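Student: Attaching a single structure in structure tokens format; questions to follow.
The values are calculated or read from the model by the stated rules, or taken from the named source; none is laboratory data. A quick note: this is a predicted structure, and the numbers were derived from the prediction, not measured. Quick reminder, even Gly has a Cβ in these numbers, built from the backbone with ideal geometry, and neighbours come from all protein chains shown.
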Amino acid sequence: MDRLQEIRFVLNGKEASYTGSAADRLLDVLREQFRCTGVKCGCREGECGACAVLIDGLLRNSCCVAMGAVEGTSIVTIEGYRETARFAVLDRAFAQLSAVQCGFCTPGMILAAEALLSAHPHPTEEEIREGLSGNLCRCTGYNAIVNAVKSAAEEGEGLW
Amino acid sequence: MVNTSGGYSAFSLQEALELRASQDVIPYAGGTDLMVGKHRDADYLFLSRVPELRQITEDAGYVRIGAAVTFSEALASPLVPQLMKEAVSGIAAPAIRNAGTFGGNLANGSPKADSVLVEVASDAKLRLVSRSGERTMDVDGFCLGRGRTALRSDELIAEVLMPKQSPDCCFYEKVGGRSALAISRVSFAGIFDTQDGRISNIAAAFGAVADTVLRFRQIEAMLIGRTIEEARALRDSYVAAYAEQLVLTRGRVSAEYRRAVCLNLLNAFLSQCGL
């Protein structure tokens, strides 16, 4: 029950620690201390999904996570995920189907797609839309993104 | 560098209760509401690693949902009642459901809390614990107003006790601006049950329309003990009683609109019950 001294966690596969306030936002710490600028700040209130990361494999909005809550967890941001074979499949599908325009929502979309495909390797369109429902895109109108995730699920057969 | 601010982490309920009683802390479970209206000067008491608060269990009378159980965990549990799952599956989006908790939804003190609506309709109880003991109270009595609850400053919510029931009919509807990431404009939960041909329960709860979830037990009493035939004959006066009682606060949408939606949902519930 000690006061938190140092917050230890794993970031993109590497041991990390934070000595600032336990009340600080994970979003700010990832961007400012760890330079993970692929984690975007859109709304700062859990409404847009641009800051989504995976914490112990679960999709979370990093703007709504205090540092004290990440002690002992494993966090994956787009910077870590981009090293994976699964990312390569999503990357290709998003490019081929023009699922990226300005790109601001894309890191969150990709990680939401990863969380979805981990749970449903062969998702229906409805499941894809539900899986991405917390991620706002103001450019593409969503259909291209939904199609890209569907295509990635097919092209990446066996990876998820 | 040693951190001197921001919070404490508890690894057992006993530790959490010691800290709650001895320090000025804000209990932090999922953080989805706390981090939006951030309390910069306060210390958080992080509860997500307290095992006693993370379980879903059952006994003869209740399904017991720990206060730090997330909505996603509840959706994956075979124990959680279907009506609750229906409400919880409509909360925000996956990333929020992976974080938001039952205890947080209650302690936040919002009349728009979707899980609280179902708890009020279901006659759920809460087990509140402190270093000096524990007490059990109705969810209905816990919620006092916007941001106000009956939780004492040395207490934590331990679990929600959902009565085990298999009613004839359950009804849930949430009206929001869109399907995902929407705060309820009006929400409604209804539970209907009969025994030996007579109505034994007809609970109707309205969310997001006043300072707390609304439920009118004196109106429900009009139909308790009646046969279906008798209840059908009373339906119009029953609905009229609600129309009179539903005095709604103004919100982002007009009180008139929300009152009309409340009555439409009540009528849809009654029709689904065969009344």
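Student: From the residues in the stretch A:127-160 that are away from every other protein chain (no Cβ under 14 Å) and among the acidic types (D, E), which one is nearest to A:D91 (Cα to Cα)?
Tutor: By that ranking, first place goes to A:E155.
Student: Inspect all residues belonging to the stretch B:88-96 and state whether any of them is at pLDDT below 95 and touching a strand residue (DSSP E or B) at 6+ places or on another chain (Cβ under 6 Å).
Tutor: The answer is yes; a qualifying residue exists.
Student: Okay, moving on. Mind counting the residues in the stretch B:92-133 that are under 13 Å from the mean Cα position of the chain (by Cα) and within 30 Å of B:S200 (Cβ to Cβ)?
Tutor: Matching residues across the stretch B:92-133 total 19.
Student: Now for a separate question. With the stretch B:4-75 as the region, which strands (runs of 3 or more DSSP E) entirely inside it contain at least 2 residues that are in contact with a Phe, Trp or Tyr (Cβ under 7 Å, 6 or more places away or on another chain)?
Tutor: Qualifying strands (runs of 3 or more DSSP E): B:7-9, B:25-28, B:43-46.
Student: Tally the residues that are over 15 Å from B:V160 (Cβ atoms) and in contact (Cβ under 8 Å) with a residue 40 or more places away in the chain, restricting the search to the stretch B:71-92.
Tutor: Number satisfying all stated conditions: 4.
Student: Being at pLDDT 95 or above and more than 7 Å from chain A (Cβ to nearest Cβ) is the filter here, so list the residues in the stretch B:27-48 that pass it.
Tutor: Within the stretch B:27-48, B:P27, B:A29, B:G30, B:L45, B:L47 meet the criteria.
Student: Within the stretch A:61-84, is there a residue that is in a strand (DSSP E or B), surrounded by 15 or more Cβ atoms within 10 Å (Cβ to Cβ) and among the basic types (K, R)?
Tutor: For the stretch A:61-84, residues in a strand (DSSP E or B), surrounded by 15 or more Cβ atoms within 10 Å (Cβ to Cβ) and among the basic types (K, R): absent.
This table checks each residue for (1) under 12 Å from the mean Cα position of the chain (by Cα); (2) within 14 Å of chain B (Cβ to nearest Cβ); (3) in contact (Cβ under 8 Å) with a residue 12 or more places away in the chain.
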site	(1), (2), (3)
A:G68	no, yes, yes
A:I78	yes, no, yes
A:F94	no, no, yes
A:G103	no, no, no
A:A113	yes, yes, yes
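Student: Residues that are within 14 Å of chain A (Cβ to nearest Cβ), at pLDDT 95 or above and over 18 Å from B:A95 (Cβ atoms): does the stretch B:56-75 have at least one?
Tutor: For the stretch B:56-75, residues within 14 Å of chain A (Cβ to nearest Cβ), at pLDDT 95 or above and over 18 Å from B:A95 (Cβ atoms): absent.
Student: Of the residues that make up the stretch A:6-15, is at least one touching a residue at least 60 places away in the same chain (Cβ under 8 Å), basic (K, R) and under 16 Å from A:C105 (Cβ atoms)?
Tutor: no
Student: Only residues that are of a type in the set (A, V, I, L, M, F, W, C) and either in a loop (DSSP other than H, G, I, E, B) or surrounded by fewer than 24 Cβ atoms within 10 Å (Cβ to Cβ) (or both): list them for the stretch A:107-127, please.
Tutor: A:A115, A:L116, A:L117, A:A119
Student: Between A:S17, A:S21, which is in a strand (DSSP E or B) and either closer than 30 Å to B:A16 by Cα or not assigned by TED's automatic domain parsing to the domain that holds A:A113 (or both)?
Tutor: Of the residues listed, the single one that is in a strand (DSSP E or B) and either closer than 30 Å to B:A16 by Cα or not assigned by TED's automatic domain parsing to the domain that holds A:A113 (or both) is A:S17.
Student: How many of the residues in the stretch B:218-254 are among the hydroxyl-bearing types (S, T, Y), free of Cβ contacts under 8 Å to residues at least 24 places away in the same chain and not in a helix (DSSP H, G or I)?
Tutor: 1
Student: Free of Cβ contacts under 8 Å to residues at least 12 places away in the same chain, under 29 Å from A:E127 (Cβ atoms) and either of a type in the set (S, T, N, Q) or surrounded by 18 or more Cβ atoms within 10 Å (Cβ to Cβ) (or both), is that true of B:A95?
Tutor: Yes: the conditions hold for B:A95.
Student: Further, regarding this structure: Take the residues in the stretch B:258-267 that are out of contact with any Phe, Trp or Tyr (no Cβ under 7 Å at 6 or more places or on another chain) and touching a residue at least 12 places away in the same chain (Cβ under 8 Å), then tell me which one is surrounded by the most Cβ atoms within 10 Å (Cβ to Cβ).
Tutor: Only one residue fits best here, namely B:R258.
Student: Counting only residues that are among the small types (G, A, S) and surrounded by fewer than 23 Cβ atoms within 10 Å (Cβ to Cβ), which one in the stretch A:35-60 is farthest from A:Q5 (Cα to Cα)?
Tutor: Per the criteria, the residue is A:G42.
Student: Among the numbered criteria (1) within 12 Å of another protein chain (Cβ to nearest Cβ); (2) farther than 22 Å from A:G156 by Cα, which one does A:L59 miss?
Tutor: (2)
Student: Among the residues of the stretch A:47-60, write down those that are part of a loop (DSSP other than H, G, I, E, B) and either out of contact with any strand residue (DSSP E or B) (no Cβ under 7 Å at 6 or more places or on another chain) or without any contact (Cβ under 8 Å) to a residue 60 or more places away in the chain (or both).
Tutor: A:E47, A:C48, A:A50, A:C51, A:D56, A:G57
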